[in-house]
Amino acid sequence: MPTKQELFKIAVLDDYQNVTLSMANWSVLDGQATVTVFNDHLTNTDAVVARLQPFDVVCVMRERTPMTRAVISRLPKLRLIASTATRNASIDLEAAAERGIEVVHTGYSSSPTIELTWALILASARNLVAENASLRAGGWQRFIGDDLTGRTLGVLGVGNIGGAVATIGKAFGMDVIAWSQNLTAEAAAAVGVQRVDKDELFARSDVLSIHVQLSERTRGLVTARELGLMKAGAYLINTSRGPIVEEAALIDALREGRIAGAGLDVFDAEPLPADHPFRTMEAVTLTPHLGYNTAETLAAFWGDMPEAIAAFAAGAPIRVANPDVLSRLRS
């Protein structure tokens, strides 16, 4: 870090709503640092590197700007990456550790994502977005909705979020089934759902909700084959990560009416390009990655960050991402 006389420089990336400075007590860094907030999003690696060259600390919103090896290796001043939430798959921890760069995380709650999942399910089943637009344009009833009671909810991944989504599904009177690569019958029974195989999950579900983490094993997990197993009246809901579903295959399935619709909060490219086909598909309910985006969660994200940076600057213990990687590479 810079000497005590020299202020170290902090960059906050991708603050789309310009809330970072108002949602945290940055005064703990008074006299120690300057904070620069960027509200736009850069996709070009060279542009990201050029922007971040002067900074000692980079604060990233979970998985907006990837901190890849190609970026990290070209930032000689960088000493700390502070990320919102408890994990961030878009930070190359190995590359950071090789450079002696610490990676720290903030608090996180999964409740907002669980709630948004059900907002998308309900909006999809009752065509709420299209009905709202029609009503505002002077129309009246356009669609016939679908009951959830007595229908089958399929949950792809039964962790903290998937398990809670399943519990709510049972409260709606739905039959809940689940599958993931590591899900056992015992683990499924512990949350009161039935484990089925992957094909049965897609074939039986009236609503299929995705709740697995994005990894090399889950990237492209839902292909044209799985979508082809789904009922014509079924809905696919994704509040996890866009690349879990093969986007082109989903677009084809929706265009051809092979499934009834989709509720999507996450996409391959974010922000979603202005000319993306999803933007004009009436059968798709879209939200701009709002799963975590509540006042309470953002306050936790940004509220923890100045404290973590101040602790790092003072040489105090901080919450480090994957300390085993750090210790192995520094031994």
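The values are calculated or read from the model by the stated rules, or taken from the named source; none is laboratory data. The model shown is predicted, which means the values in this text are computed figures rather than measured ones. Here the Cβ is made from the backbone with ideal geometry for all residues, glycine too, and neighbour counts use every protein chain on show. SASA here: full protein model, heavy atoms, side chains in, ligands and nucleic acids out. Shrake-Rupley method; radii C 1.70, N 1.55, O 1.52, S 1.80 Å.
When the residues of the range 190-219 are filtered to those that are out of contact with any strand residue (DSSP E or B) (no Cβ under 8 Å at 6 or more places or on another chain) and among the small types (Gly, Ala, Ser), which remaining residue is nearest to ARG62 (Cα to Cα)?
Here the residue is SER215.
Which residue is farthest from ILE121 (Cα to Cα), if the candidates are limited to the range 226-245 and must be open to solvent by 20 Å² or more (accessible area, probe 1.4 Å) and out of contact with any Asp or Glu (no Cβ under 9 Å at 6 or more places or on another chain)?
For the range 226-245, the residue satisfying everything is GLY228.
Test VAL58 against the stated conditions and say whether it is open to solvent by 30 Å² or more (accessible area, probe 1.4 Å), touching a residue at least 40 places away in the same chain (Cβ under 8 Å), among the β-branched types (Val, Ile, Thr) and touching a helix residue (DSSP H, G or I) at 6+ places or on another chain (Cβ under 9 Å).
no
Scan the range 208-229 for residues that are without any contact (Cβ under 8 Å) to a residue 12 or more places away in the chain and of a type in the set (Asp, Glu) and jot them down.
GLU216
Take ALA164 and decide whether it is of a type in the set (A, V, I, L, M) and over 18 Å from THR117 (Cβ atoms).
no
Say whether the condition of being modelled with pLDDT of 95 or more, under 14 Å from THR152 (Cβ atoms), buried (at least 17 other Cβ atoms within 10 Å of the Cβ) and of a type in the set (A, V, I, L, M, F, W, C) is met by at least one residue in the range 207-214.
The answer is yes; a qualifying residue exists.
Among helices (runs of 4 or more DSSP H) lying entirely in the range 70-165, which contain 2 or more residues that are on the phi < 0 side of the Ramachandran plot and open to solvent by less than 10 Å² (accessible area, probe 1.4 Å)?
93-98, 111-125
Counting only residues that are farther than 19 Å from ARG151 by Cα and in a loop (DSSP other than H, G, I, E, B), which one in the range 254-265 is most open to solvent (accessible area, probe 1.4 Å)?
Looking at the filtered set, the residue picked out is GLU256.
Would you confirm, using the coordinates I've provided, whether SER215 is among the polar types (S, T, N, Q) and under 21 Å from ALA123 (Cα atoms)?
It is false that SER215 is among the polar types (S, T, N, Q) and under 21 Å from ALA123 (Cα atoms).
Tell me the residue from VAL104, VAL129, VAL71 that is among the aliphatic types (A, V, I, L, M), in contact with a helix residue (DSSP H, G or I) (Cβ under 8 Å, 6 or more places away or on another chain) and within 27 Å of THR167 (Cβ to Cβ), please.
VAL129
Within the range 279-327, can you find the residues that are assigned to a loop (DSSP other than H, G, I, E, B), at pLDDT below 90 and open to solvent by 60 Å² or more (accessible area, probe 1.4 Å)?
ALA314, GLY315, PRO317, ARG319, ASN322
Under 7 Å between Cβ atoms, at least 6 apart or on separate chains: pull out the pairs that start in the range 235-253 with a residue that is assigned to a helix (DSSP H, G or I) and end on any residue that is modelled with pLDDT of 95 or more and among the acidic types (Asp, Glu).
GLY242/ASP268; PRO243/ASP268; GLU247/ASP268
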